[in-house]
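Okay, so here's the structure we're looking at.
The numbers here are math on the coordinates, done by the rules we state, and not lab data. Owing to the predicted nature of the structure, the values given are computational and were not obtained by experimental measurement. All Cβ positions, glycine included, derive from the backbone under ideal geometry; neighbour counts span all protein chains shown.
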Amino acid sequence: MHIRTIARIIGFFALGFGLILLAPLAVAALYGEDEIGHFLEAIGASLGTGLAFLLAGGRARHDLNNRDGFLVVALFWAGVGSLASLPFVLSAHLGPVDALFEAVSAFTTTGATVISGLDDLPHSLLFYRQLLQWLGGMGMIVLAIAVLPMLGIGGMQLYKAEAPGPFKEEKLTPRLNQTARYLWGFYVGMTGACALAYWLAGMSGFDAVSHAFSTVSTGGFSTHDASLGFFDNPLIEGIAILFMTLGAINFSVHYLAWRQRSLLTYLGNVEVRTFLLIILAVVLVIGGFLHFAGTYPDYNSALRNSIFEVVSVITSTGFGTVDFSHWPSFVPVLLIFISFIGGCGGSTAGGMKVMRIVLLTHQGWREVRRLIHPRAQLPIHVGNQVVSVQTVQAVWGFMAAYVVSFVILMLLMMATGLDQVSAFSAIAATMNNLGPGLGEVATSFSSVSEPGKLIAVFAMLLGRLEIFTILVLMTPEFWRA
């Protein structure tokens with residue numbers, strides 16, 4: 001393990017984060033807020049930490065191996081989450097545990113919060129929360145991949161450790177730094193288009209940019225306690241639905257659609273097609289139920305709210321126009337369950353990813369067919385491709401690790417005092433990077449105990465890094481020379 005090289009990389013990340021803090025500092029200066037000094041202190045702490053790690057790393061220049069990559073990614077997300085909590089603590093708005101929860105929730109694009117009274121919060125802190133989500137959406141690791149080759153440090157192991165989805169070897173281009181630039185190019189362009197659309201639909205410039213950050217990143221933070229329900233604008237909701245969906249689609253598919261100049265590329269992709277069909281099916285079920293249950297006076301209102309909440313939940317964004325936890329019967333639980341599916345691999349969304357669900361379904365059906373034809377060779381196909389045995393085994397391994405981790409964390413959350421429904425939905429909301437839950441955590445985690453919030457922080461990191469990146473650090477074999 002190349003400790004000095006790892007220290008050098010972490011140092012660059014900390015320095016980069018310190019420079020990023022200049023953006024909310026500029027907002028504080030623009031609005032003449034007292035947060036200027038707090039952001040200056042946070043910048044000093046980040047730059048000091050970065051310089052300390054750079055000095056420890058010296059001139060080390062080694063390619064990263066698998067173990068180095070996993071350790072750098074884990075340290076990066078935990079370290080930046082810790083540094084990101086400083087402005088909240090220094091401004092005296094939150095205590096240390098609450099600040100860590102809020103920062104990690106933002107950076108992992110979970111969207112769970114412990115803050116109430118957002119409408120009265122300083123503009124700079126509101127902008128800072130949204131910016132953290134935007135940076136975490138694509139993952140600053142991917143951005144750093146474009147820089148690492150210039151430092152003489154290979155980045156493929158970072159990409160494999162951080163990239164979501166079952167097919168981690170996929171690259172858009174032969175050169176990884178070029179891949180990172182394409183990803184961020186689409187990400188920035190999509191964010192700009194979303195902000196412009198929000199502004200034209202009636203949002204202020206500040207709200208438009210802030211909500212574009214959290215929409216494209218599928219993060220879900222808002223500058224208002226009522227979330228997008230504050231605007232009560234069908235056009236704004238439609239824009240959010242579009243860009244939440246785009247953010248939850250594999251960015252390699254966006255790239256192919258752009259190269260081929262055809263929207264049919266989306267429908268030709270099995271994962272995207274399945275994702276859209278799931279949304280359609282759940283919307284029809286929930287919209288119809290809400291209408292016939294009399295929750296809304298007409299079918300259009302029921303359909304409008306069901307479309308928004310279904311897309312918001314399955315993309316793990318967590319925006320709200322209504323509090324779906326108050327919807328009748330099975331509907332709130334169904335919404336929590338679809339958060340387990342999540343978006344597509346290679347997107348900003350959380351959850352288990354649609355492709356894994358597709359592969360698990362194919363595998364289950366293959367086992368049924370084997371009962372009828374025990375000697376038959378039954379390979380799994382996705383589209384025109386045969387899925388390798390190794391990929392199928394990896395998906396089953398992920399599923400097993402996910403279920404075991406979920407059960408343990410849920411029991412720990414119950415041990416802190418939460419009831420079963422609240423504990424279940426709290427872990428579902430954090431591991432799936434969703435945000436809102438049911439019961440006590442329907443709108444906020446403020447009433448959860450400090451041990452419970454720390455468990456939730458761990459669950460957010462576990463979900464964002466797709467479990468194995470964290471679990472591998474807990475094995476004795478990882479630390480053996």
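A few comments on the model shown:
- With all projection directions averaged, the alpha carbon convex hull of the stretch 1-132 covers 8.1 nm².
- Added length on full extension, which subtracts the Cα-Cα distance from 0.36 nm per residue, A45 to L277: 78.8 nm
- For the stretch 304-388, averaging the sequence separation of C-alpha pairs within contact (under 8 Å, six or more residues apart) and dividing by the residue count gives a relative contact order of 19 percent.
- Taking the Cα centre of the stretch 1-143 as origin and assigning +1 to Lys and Arg Cβ atoms and -1 to Asp and Glu Cβ atoms, the resulting dipole is close to 860 debye.
- Each Cα pair under 8 Å and six or more residues apart adds its sequence gap; the mean of these over the residue count of the stretch 79-143 is a relative contact order of 30 percent.
- This model, with +1 at the C-beta of Lys and Arg and -1 at the C-beta of Asp and Glu, gives the stretch 227-337 a dipole about its Cα centre of some 460 debye.
- Residue among A349, F275, A394 farthest towards the positive dipole end of the stretch 266-405, charges placed on Cβ: A394
- Given R0 = 45 Å, the distance between the Cβ atoms of D34 and L55 translates into a calculated FRET efficiency of 0.85.
- Inter-probe distance in nm under a simple model that places probes 7 Å from Cα toward Cβ, at Q178 and V333: 5.2
- Exposure proxy ranking for H2, H38, H373, based on other Cβ atoms within 10 angstrom of each Cβ and starting from the fewest, stands as H373, H2, H38.
- Value of D in µm² per second that Stokes-Einstein yields for the chain, Kirkwood Rh from Cα pairs, at 20 °C (1.002 mPa s): 94
- Label separation (A401 vs L19): 3.3 nm, computed from points 7 Å beyond Cα along the C-beta direction.
- Kirkwood hydrodynamic radius (C-alpha pairs) into Stokes-Einstein, the stretch 319-361, 25 °C and 0.890 mPa s, D in µm²/s: 211
- The order of R464, R370, going from fewest to most other C-beta atoms within 10 Å of their C-beta, is R370, R464.
- Ordered by the count of other Cβ atoms within 10 Å of each Cβ, fewest first, M355, M474 give M474, M355.
- Ordering of 268-274, 391-397 by packing is 268-274, 391-397, highest average first (other Cβ atoms within 10 Å, averaged per residue).
- Contour minus Cα-Cα distance for D298 and L378 (0.36 nm per residue): 24.0 nm
- Applying the Kirkwood pairwise sum to the alpha-carbon positions of the stretch 207-350 produces a hydrodynamic radius of 15.5 angstrom.
- Residue among S446, L264, F186 farthest towards the positive dipole end of the chain, charges placed on Cβ: L264
- Counted over the stretch 293-406 with a bin width of 10 Å, the fraction of Cα pairs per bin, in whole percents, is 12, 33, 26, 19, 9, 1.
- Only helices enter the 222 nm calculation for the chain: every DSSP H run of n ≥ 4 contributes -39,500 (n - 2.57), and dividing by all residues gives -21000 deg cm²/dmol, rounded to 500.
- Rounded to the nearest 20, the size of the Cβ-charge dipole of the chain about its Cα centre is 2320 debye, with Lys and Arg at +1 and Asp and Glu at -1.
- Net lengthening on full extension, D323/L256 (0.36 nm per residue, minus Cα-Cα): 20.4 nm
- Relative contact order, percent, the stretch 388-481 [alpha-carbon distance under 8 Å, six or more residues apart]: 24
- Among 311-318, 250-257, the peptide with the highest mean count of other Cβ atoms within 10 Å heads the list, and the full ranking is 311-318, 250-257.
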